[in-house]
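Trainee: Take this structure first; my questions come after.
No value in this document is a laboratory result; all are computed from the given coordinates. This one's a predicted model, so the numbers in the text were calculated from it and none came from an experiment. Cβ placement follows ideal geometry from the backbone for every residue including glycine, while neighbour counts extend to all protein chains displayed.
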Amino acid sequence: MLDRRKLLVGATALAGYSALARAAAPYEWQTISPADAGFVPGFGERLDQFVRGGQAPNIHGVIIVRRGRVVFENYFEGDDQVRDEYGRAHFERVAFSAERSHELRSVSKSIVGLLYGIALREGKVPGLDAPLLAQFPDYADLPDLEQRRRWTIRHAISMTLGIEWNEDLSYDDPRNGQTAMDKAADPYRHVLGLPIVAAAGARWIYCGGATALIGKILENGTKQTLPDYAREVLFDPLGIGPTVWRIGPNGERNFASGIGMRPRDLARIGQMVLARGKADERQVVPAEWLEESFKPQVTMRDRREHGCHWYLGEMVFNSADGPRQERWIAAFGNGGQRLYVFPRLDLQVVITAGNYNRRDQGVPPNRVLTERILPSLHLNPN
């Protein structure tokens, strides 16, 4: 899903294009043995061999956290997209590590969703049912204004605006929604003025432009750049290390897919979700906002659901104790970036990868999760 914008990888490479945000001291994870976390003997070795043996191609990193402690954390060598000092993109072989920043691509959208909830608590942005166009008063001359006036912020954050947008095309294709927005002189007018193909709220259409609108409302309301606001209210409270938030080709912040951070820092966001918005007894994200975010707003074509910039669904799998069905919450990014949270299992999984723009990009992380991690977990009470 698939914003698939190109981003630098690694703290050193990233620094050449967008300054790394300074951070408080990073959080130090505690560990737990696989056996104590409920995994079968030999689990870690088999997972490592599964990735290194090529059954899950071009996976860059896997972190598993259960009961608030790291069960498994390993990084691999793989192909990734980087840029030279002139901004030219190319693929090269990279040896990933715990301290190397990784692009998150569309996982950025879910982080923007969290920031909206924090700003809403602070009274800096309107509620979800506020009119969307009222936040962009300079665009009162748009066509089909009566229809567009029905839009609310909820329609943007749930991606149900019903505008014509296609990110399944190549990003080299000018008809791609994200590419067209990036080239527009005024990206917000461009998004708000696109042809309407469905009634507001009736249909989910993946749309990086919707995130651009939410990001702009956040910056207008907080009177800060989104990286600065994120650092103050989310990243520092969670002990997240240096991050980057890339600028797009139109000079605007890439709200939809521009964040890069260490995978273990993304796991801090997953842990906060499991703790209903808390970190070390501090309420970082309002619990009621998380409840709203993880409430299905619309059903997608593949029966998954979408909340407020988060994906939701049910997973059926064979655990070490037999068949099981579990509810999950997730953030997805192009190339195979994944944050899966299983609330009832007190389990979260972070996966990074480099299979950008491939139609089968979801297969390697899905295999890691469904063929190695979940089947190795004992779920019966001790």
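Trainee: I need to check one value: relative contact order of region 191-317, counting alpha carbon pairs closer than 8 Å and at least 6 residues apart, in percent.
Mentor: Numbers: 119 pairs, mean separation 21.9, N = 127.
Computed over region 191-317, the figure is 17 percent.
Trainee: Sticking with this structure for a sec: Against the globular-protein guess of 2.2 N^0.38 Å, express the Cα radius of gyration of region 86-149 as a ratio, rounded to two decimals. List each step's numbers first, then the result.
Mentor: Numbers: Rg = 19.5 Å, N = 64, 2.2 N^0.38 = 10.7 Å.
After normalising by residue count via 2.2 N^0.38 Å, the value is 1.82.
Trainee: What is the magnitude of the charge dipole of the chain about its Cα centre, with +1 placed on the Cβ of each Lys and Arg, -1 on the Cβ of each Asp and Glu, and no other charges, expressed in debye to the nearest 20? Walk me through the numbers on the way to the answer.
Mentor: Details: 48 positive and 46 negative charges, 67 e Å.
With Lys and Arg at +1 and Asp and Glu at -1, about 320 debye.
Trainee: Can you give me the convex hull volume of the Cα atoms of the chain, divided per residue and expressed in Å³?
Mentor: Working: hull volume 48.8 nm³, N = 382.
Measuring per residue, one finds 128 Å³ for the Cα hull of the chain.
Trainee: Express in % the proportion of alpha carbon pairs of region 37-110 at distances exceeding 17 Å.
Mentor: Numbers: 1561 of 2701 pairs.
The calculated P(r) of region 37-110 puts 58 percent of pairs beyond 17 Å.
Trainee: Which value in Å is the Kirkwood Rh of region 191-234 over different Cα pairs?
Mentor: Values: mean 1/r = 0.0812 Å⁻¹.
Kirkwood hydrodynamic radius for region 191-234: 12.3 Å.
Trainee: Taking just the alpha carbons, could you work out the radius of gyration and Dmax for region 151-192, both in angstroms?
Mentor: Computed over the Cα atoms of region 151-192, radius of gyration and Dmax are 11.0, 31 Å.
Trainee: Lysines near residue 295 by alpha-carbon distance under 20 Å, same-chain residues fewer than 8 away left out - which ones?
Mentor: Reachable lysines: 109, 278.
Trainee: While we're here: Any idea which of 361, 329, 348 is furthest toward the positive side of the dipole for region 315-381, if Lys and Arg beta-carbons carry +1 and Asp and Glu beta-carbons -1?
Mentor: 361
Trainee: Binning at 5 Å from 0, report for region 320-382 what percent of all alpha-carbon pair distances ends up in each bin.
Mentor: Per 5 Å bin, starting at 0, the Cα pair percentages come out as 4, 16, 26, 24, 14, 9, 4, 1, 0.
Trainee: Quick query: amide H of residue 247 versus all other amide H atoms, modeled in the peptide plane; which residues come in under 5 Å with a sequence gap of 5 or more or a different chain?
Mentor: It is 254, by chain and number.
Trainee: Can you list residues from other chains, or at least 5 along the same chain, whose modelled amide H is less than 5 Å from the amide H of residue 354?
Mentor: Answer set, sorted by chain and number: 60.
Trainee: At a Förster distance of 41 Å, what's the computed FRET efficiency of residue 173 paired with residue 295, Cβ-Cβ distance as r, to 0.05?
Mentor: Values: r = 35 Å, r/R0 = 0.85.
Efficiency at R0 = 41 Å is approximately 0.75.
Trainee: Per DSSP H run of n ≥ 4, the term is -39500 (n - 2.57); total these for the chain, divide by its residue number, and report the mean residue ellipticity at 222 nm rounded to 500 deg cm²/dmol. Present the calculation step by step, with values, prior to reporting the outcome.
Mentor: Numbers: 12 runs with 96 residues, N = 382.
That comes out to -6500 deg cm²/dmol.
Trainee: Shifting gears a bit: How big is the C-alpha Rg of region 121-272 next to the rule-of-thumb value 2.2 N^0.38 Å, as a ratio? Let's see the in-between values first.
Mentor: Working: Rg = 16.1 Å, N = 152, 2.2 N^0.38 = 14.8 Å.
Scaled against compact globular proteins, the figure is 1.08.
Trainee: Would you mind estimating how fast region 197-331 diffuses translationally, via Stokes-Einstein at 20 °C and 1.002 mPa s with the Kirkwood radius over Cα pairs, in µm²/s? Please report the intermediate quantities before stating the final value.
Mentor: Numbers: Rh = 17.0 Å.
Translational D for this selection: 126 µm²/s.
Trainee: Then there's this: Read phi for every residue in region 302-313 and hand back ³J(HN,Hα) as whole Hz from Karplus 6.51 cos²θ - 1.76 cosθ + 1.60, θ = phi - 60°, with x for Gly and Pro.
Mentor: Karplus values, whole Hz, x for Gly and Pro: 8, 6, 6, 10, 10, x, 9, 6, 10, 9, 9, x.
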